[in-house]
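J.: Attaching a single structure in structure tokens format; questions to follow.
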Amino acid sequence: MEFLKHLSIQPHNPGVSTGTKWFEGAGARLSSYSPVDGKLIATTGAADRETYDQAIAQARQAFAVWRNWPAPRRGEVVRRIGESLRAHKDDLGKLVSYEMGKSLQEGWGEVQEMIDICDLAVGMSRQLHGLTMHSERAAHRMYEQWHPLGIVGIISAFNFPVAVWSWNAMIAWVCGDVCVWKPSEKTPLSAIACQHIAAGVFKEMGVPEGVSVLVNGGLDVGQWLAADTRIPLVSATGSTRMGKAVGTTVATRLGRSLLELGGNNAIIITENADLDIAIRAAVFGAVGTAGQRCTTTRRLIVHENVYDAVLSRLRNAYAHLHIGDPLDPANHVGPLIDKDAVTNYLSALDAVRAAGGSFAVEGGVLSGPGYESGCYVKPCIAEARNDFDIVQHETFAPILYLIRFKTLEEAIAFQNDVPQGLSSSIMTLNLREAERFLSAAGSDCGIANVNIGTSGAEIGGAFGGEKETGGGRESGSDAWKAYMRRQTNTINYDTQLPLAQGIKFDI
Ligand code: NAD
């Protein structure tokens, strides 16, 4: 495990950091077990209320300085973090893979996404621009500018243990904010490694202590962030259950929240689809990251004329999947994150049967050599109906529901008829079908693709979804605006004081 050493991970790690300084934290220690082999990787401290408050106080002090750094200089800090991530890509990708269980290709891909976000944020640091407007009053100038918000709280999920932080932090930093990160208690070591990488750059560039705060801990630490009036924006990624709790708490104090929650993503395969592409997209979408992506393909809505052909090709593809150690490049599918996830997977299989569904590819838990952690399950395919209760839920596991349709209207209705609204796609070579799917009467998701699966988005676009997915947008386009406050400025350079709307007020 050379990569642990290269990333400064010790057997016992402090849980709280304000940048270059580390504090033990008196909260209940976290133990990180690898789902790959079930072994304890290392432990970390966790924040208690007192350490948390001290860290937030440090972040406030840092903000008072950091907001005055020119944005391109803040961009230079982010550029160097990107360089350091390039140097650590191999090791960090391995840690992500070992701690979380995704394939090494996807572990490296996640670090590459962090690097890409750094590059995007560097460019943005020179483009945080507002509009100018024409004033209705003579000799007046009106424009808007975007100022930093303050402390951005980041609550992240286990399945993207490092990328979610970078989606938020790199952009928040160029915007002039400071960040407080509460990572998933299931992947604290990946977070510690990121903090060490950033700290190296902070030291070199004299970045104020407190620009990057890490507070490891359980959901209690997330609750402190949500309720903290010193934190104007809480960006929370995770389950819809968590988002409802965090969103409600933040709304009660009239703070801002940016919510990136669960998905229930579908691919529609019409009779005009290129089935070679459709099957590849569906299989990667359904089994990649062992079905633990927010954009995982959970439902395949297939036209009755190609249903049998699709099913037979899927069966064939699933028969060729290698399940096992995700660090071995020969394997396609690694483990679920822990045994609780395996229990949820098994309950979902029972629920499918109880609802009257059947399995075209059977599931089950794997045991024997190589599967000692008890977290490896078989990706499976169920023939189901869209209105089954279990199909309406996001089960974070590789279970694909096959649903048959006759007309495109019906397919789009199925696609939209779930509580979540993250990612969607249509497989068709027919222009009319594609355009109807993308129209106002088409997909109701934040992401809608044609001839691309639901899983794996590019960072250049704004990422997020509607309905129970939470409505937040991160990454590209103008998503940076969520991390800033807008100010409208009107300047009078005349000797008169005309009032807006022509109101007269003579004294
Ligand atoms: P989770 O909701 O269990 O935990 C996510 C984070 O929230 C953790 O850090 C946890 O400690 C914290 N948390 C949980 N309850 C909280 C509360 N009441 N108050 C404050 N903090 C709380 O989610 P998970 O199992 O780690 O991740 C899987 C979920 O995340 C899936 O639903 C997946 O779709 C979603 N996800 C969404 C996106 C997206 O961009 N839309 C990306 C990744 C993951």
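The values are calculated or read from the model by the stated rules, or taken from the named source; none is laboratory data. Because the structure is a prediction, the values reported are computed rather than measured. A quick note on method: Cβ atoms are made from the backbone with ideal geometry, for glycine too, and the neighbour counts reach across all protein chains shown.
J.: So Ser239 clears everything in (1) free of Cβ contacts under 8 Å to residues at least 40 places away in the same chain; (2) surrounded by fewer than 24 Cβ atoms within 10 Å (Cβ to Cβ); (3) within 9 Å of the ligand (Cβ to nearest atom) except one condition, right? Which one?
T.: (1)
J.: Here's another thing I want to ask about it. When the residues of the range 469-507 are narrowed to those that are under 30 Å from Ala236 (Cβ atoms) and among the basic types (Lys, Arg), which ends up nearest to the ligand (Cβ to nearest atom)? Steps first, answer last, please.
T.: Let us first name the residues in the range 469-507 that are under 30 Å from Ala236 (Cβ atoms), namely 469-488.
Of the ones still in play, those that are also among the basic types (Lys, Arg) are 473, 481, 485-486.
Details: Arg473: 10, Lys481: 18, Arg485: 23, Arg486: 24 Å.
Restricting to residues being under 30 Å from Ala236 (Cβ atoms) and among the basic types (Lys, Arg), the top hit is Arg473.
J.: Inside the range 415-453, can you point out the residues that are among the β-branched types (Val, Ile, Thr) and in a strand (DSSP E or B)? Even if it seems obvious, please write down each step before you answer.
T.: Start the filter on the range 415-453 by keeping residues that are among the β-branched types (Val, Ile, Thr), which leaves 418, 426, 428, 447, 450, 452.
Once the filter is applied, which keeps residues that are among the β-branched types (Val, Ile, Thr) and in a strand (DSSP E or B), the range 415-453 yields Ile426, Ile447, Val450.
J.: Identify the residue in the range 40-52 that is out of contact with any Pro (no Cβ under 6 Å at 6 or more places or on another chain) and part of a strand (DSSP E or B) and, among all such residues, is farthest from Asp328 (Cα to Cα). Spell out how you get there, then give the answer.
T.: If we filter the range 40-52 for residues that are out of contact with any Pro (no Cβ under 6 Å at 6 or more places or on another chain), which is where we start, we get 40-41, 43, 46-52.
If we keep only those that are part of a strand (DSSP E or B) too, we end up with 40-41, 43, 46.
Details: Leu40: 20, Ile41: 18, Thr43: 25, Ala46: 32 Å.
Ranking the candidates gives Ala46 first.
J.: As an exercise: evaluate Leu214 against (1) within 11 Å of the ligand (Cβ to nearest atom); (2) in contact with a helix residue (DSSP H, G or I) (Cβ under 7 Å, 6 or more places away or on another chain) and give the number of the one condition it does not meet.
T.: (1)
J.: Condition test on Phe396, is it within 21 Å of Gly288 (Cβ to Cβ), within 16 Å of the ligand (Cβ to nearest atom) and hydrophobic (A, V, I, L, M, F, W, C)? Even if it seems obvious, please write down each step before you answer.
T.: Working: within 21 Å of Gly288 (Cβ to Cβ): yes; within 16 Å of the ligand (Cβ to nearest atom): yes; hydrophobic (A, V, I, L, M, F, W, C): yes.
Considered against the rule, which asks whether it is within 21 Å of Gly288 (Cβ to Cβ), within 16 Å of the ligand (Cβ to nearest atom) and hydrophobic (A, V, I, L, M, F, W, C), Phe396 comes out as yes.
J.: Condition test on Gln58, is it more than 26 Å from the chain's Cα centre (by Cα) and in contact (Cβ under 8 Å) with a residue 60 or more places away in the chain?
T.: Values: more than 26 Å from the chain's Cα centre (by Cα): yes; in contact (Cβ under 8 Å) with a residue 60 or more places away in the chain: yes.
Considered against the rule, which asks whether it is more than 26 Å from the chain's Cα centre (by Cα) and in contact (Cβ under 8 Å) with a residue 60 or more places away in the chain, Gln58 comes out as yes.
J.: Another question about this same structure. Which members of the range 203-236 meet the condition of being of a type in the set (Val, Ile, Thr), without any contact (Cβ under 8 Å) to a residue 40 or more places away in the chain and part of a helix (DSSP H, G or I)?
T.: Keep residues of the range 203-236 that are of a type in the set (Val, Ile, Thr), which gives 207, 211, 213, 215, 221, 229, 231, 234.
From the residues that got through so far, the ones that are without any contact (Cβ under 8 Å) to a residue 40 or more places away in the chain too are 229.
The answer is none; no residue qualifies.
J.: Return the only residue of Asp119, Asp37 being part of a loop (DSSP other than H, G, I, E, B) and either farther than 18 Å from Asn159 by Cα or out of contact with any Cys (no Cβ under 9 Å at 6 or more places or on another chain) (or both).
T.: None of the other options fit; the residue is Asp37.
J.: State the number of residues belonging to the range 242-251 that are farther than 18 Å from Tyr483 by Cβ and more than 6 Å from the ligand (Cβ to nearest atom). It would help to see each step written out before you state the result.
T.: First, pick out the residues of the range 242-251 that are farther than 18 Å from Tyr483 by Cβ: 242-245, 248-249, 251.
Subsequent filtering for residues that are more than 6 Å from the ligand (Cβ to nearest atom) retains 243-244, 248-249, 251.
Matching residues across the range 242-251 total 5.
J.: Answer yes if at least one residue in the range 419-426 is in contact (Cβ under 8 Å) with a residue 12 or more places away in the chain, of a type in the set (S, T, N, Q) and surrounded by fewer than 16 Cβ atoms within 10 Å (Cβ to Cβ), and no otherwise.
T.: Of all residues in the range 419-426, those in contact (Cβ under 8 Å) with a residue 12 or more places away in the chain come to 419-426.
Okay, now just the ones that are also of a type in the set (S, T, N, Q), so 420, 423-425.
Pick out the ones that are also surrounded by fewer than 16 Cβ atoms within 10 Å (Cβ to Cβ) and you get none.
No, because not a single residue in the range 419-426 is in contact (Cβ under 8 Å) with a residue 12 or more places away in the chain, of a type in the set (S, T, N, Q) and surrounded by fewer than 16 Cβ atoms within 10 Å (Cβ to Cβ).
J.: Applying the selection to the range 63-96, what residues are of a type in the set (Gly, Ala, Ser) and in contact (Cβ under 8 Å) with a residue 24 or more places away in the chain? Let's see the steps before the verdict.
T.: Within the range 63-96, the subset of a type in the set (Gly, Ala, Ser) is 64, 71, 75, 82, 84, 87, 93.
Passing the criteria: Ala71, Gly75, Gly82, Ser84.
J.: Return the total of residues in the range 122-153 being in a loop (DSSP other than H, G, I, E, B) and in contact (Cβ under 8 Å) with a residue 60 or more places away in the chain.
T.: Narrowing the range 122-153 to residues in a loop (DSSP other than H, G, I, E, B): 125-131, 134-139, 149-150.
Next, only the ones that are in contact (Cβ under 8 Å) with a residue 60 or more places away in the chain stay: 128, 130, 135-139, 149-150.
So the count comes out to 9.
J.: Restricting the range 309-318 to residues that are of a type in the set (A, V, I, L, M, F, W, C) and free of Cβ contacts under 8 Å to residues at least 40 places away in the same chain, which is farthest from Val377 (Cα to Cα)?
T.: Here is the first cut: in the range 309-318, the residues of a type in the set (A, V, I, L, M, F, W, C) are 309-311, 314, 317.
Adding the requirement that they be free of Cβ contacts under 8 Å to residues at least 40 places away in the same chain leaves 309, 317.
Numbers: Ala309: 26, Ala317: 17 Å.
Per the stated criteria, the residue is Ala309.
J.: If you scan the range 386-416, which residues turn out to be loosely packed, with under 14 Cβ neighbours inside 10 Å and of a type outside the set (S, T, N, Q)?
T.: Across the range 386-416, the qualifying residues are Asp387, Asp389, Lys406, Glu409, Ala413.
J.: Residue check: is Gly101 crowded, with 21+ Cβ neighbours inside 10 Å, without any contact (Cβ under 8 Å) to a residue 40 or more places away in the chain, of a type outside the set (Ser, Thr, Tyr) and within 30 Å of Asn331 (Cβ to Cβ)?
T.: Working: crowded, with 21+ Cβ neighbours inside 10 Å: yes; without any contact (Cβ under 8 Å) to a residue 40 or more places away in the chain: no; of a type outside the set (Ser, Thr, Tyr): yes; within 30 Å of Asn331 (Cβ to Cβ): yes.
The answer is no for Gly101.
J.: Restricting attention to the range 183-194, which residues are buried (at least 24 other Cβ atoms within 10 Å of the Cβ), in contact (Cβ under 8 Å) with a residue 60 or more places away in the chain and not aliphatic (A, V, I, L, M)?
T.: Matches in the range 183-194: Thr187, Pro188, Ser190, Cys194.
J.: Also: Mind telling me which of the residues Ala199, Ala191, Ala226, Ala172 ends up being near the ligand (Cβ under 9 Å from one of its atoms) and touching a strand residue (DSSP E or B) at 6+ places or on another chain (Cβ under 9 Å)? Full working, then the answer.
T.: Values: Ala199 fails: near the ligand (Cβ under 9 Å from one of its atoms); Ala191 fails: near the ligand (Cβ under 9 Å from one of its atoms); Ala172 fails: near the ligand (Cβ under 9 Å from one of its atoms).
Of Ala199, Ala191, Ala226, Ala172, the one residue that is near the ligand (Cβ under 9 Å from one of its atoms) and touching a strand residue (DSSP E or B) at 6+ places or on another chain (Cβ under 9 Å) is Ala226.
J.: Can you name every residue in the range 1-38 that is of a type in the set (Lys, Arg) and either free of Cβ contacts under 8 Å to residues at least 12 places away in the same chain or under 13 Å from Ser190 (Cβ atoms) (or both)? Working first, answer last.
T.: Pass one, the range 1-38, residues of a type in the set (Lys, Arg): 5, 21, 29.
Of everything in the range 1-38, just one residue is of a type in the set (Lys, Arg) and either free of Cβ contacts under 8 Å to residues at least 12 places away in the same chain or under 13 Å from Ser190 (Cβ atoms) (or both), namely Lys5.
J.: Then there is this: I need every pair where a residue in the range 287-308 that is without any contact (Cβ under 8 Å) to a residue 40 or more places away in the chain and more than 12 Å from the ligand (Cβ to nearest atom) has its Cβ under 8 Å from the Cβ of a residue that is among the aliphatic types (A, V, I, L, M) and assigned to a helix (DSSP H, G or I), sequence separation at least 6 or different chains.
T.: Going by the 8 Å Cβ cut-off, the qualifying pairs are Val306/Leu275.
J.: Right, next: Across the range 3-34, which residue is surrounded by the most Cβ atoms within 10 Å (Cβ to Cβ) among those that are assigned to a helix (DSSP H, G or I) and touching an Asp or Glu at 6+ places or on another chain (Cβ under 8 Å)?
T.: Among them, the one singled out is Phe3.
J.: Inspect the range 72-94 for any residue being under 18 Å from the mean Cα position of the chain (by Cα), of a type outside the set (D, E, K, R), modelled with pLDDT of 95 or more and assigned to a helix (DSSP H, G or I) and give the result as yes or no. I'd like the intermediate steps shown before the answer.
T.: Here is the first cut: in the range 72-94, the residues under 18 Å from the mean Cα position of the chain (by Cα) are 92-93.
Right, trim to of a type outside the set (D, E, K, R) and you get 92-93.
Those still in the list that are modelled with pLDDT of 95 or more too: 92-93.
Then keep just the ones that are assigned to a helix (DSSP H, G or I); that gives 92-93.
Checked against the condition, which is being under 18 Å from the mean Cα position of the chain (by Cα), of a type outside the set (D, E, K, R), modelled with pLDDT of 95 or more and assigned to a helix (DSSP H, G or I), the range 72-94 yields at least one hit.
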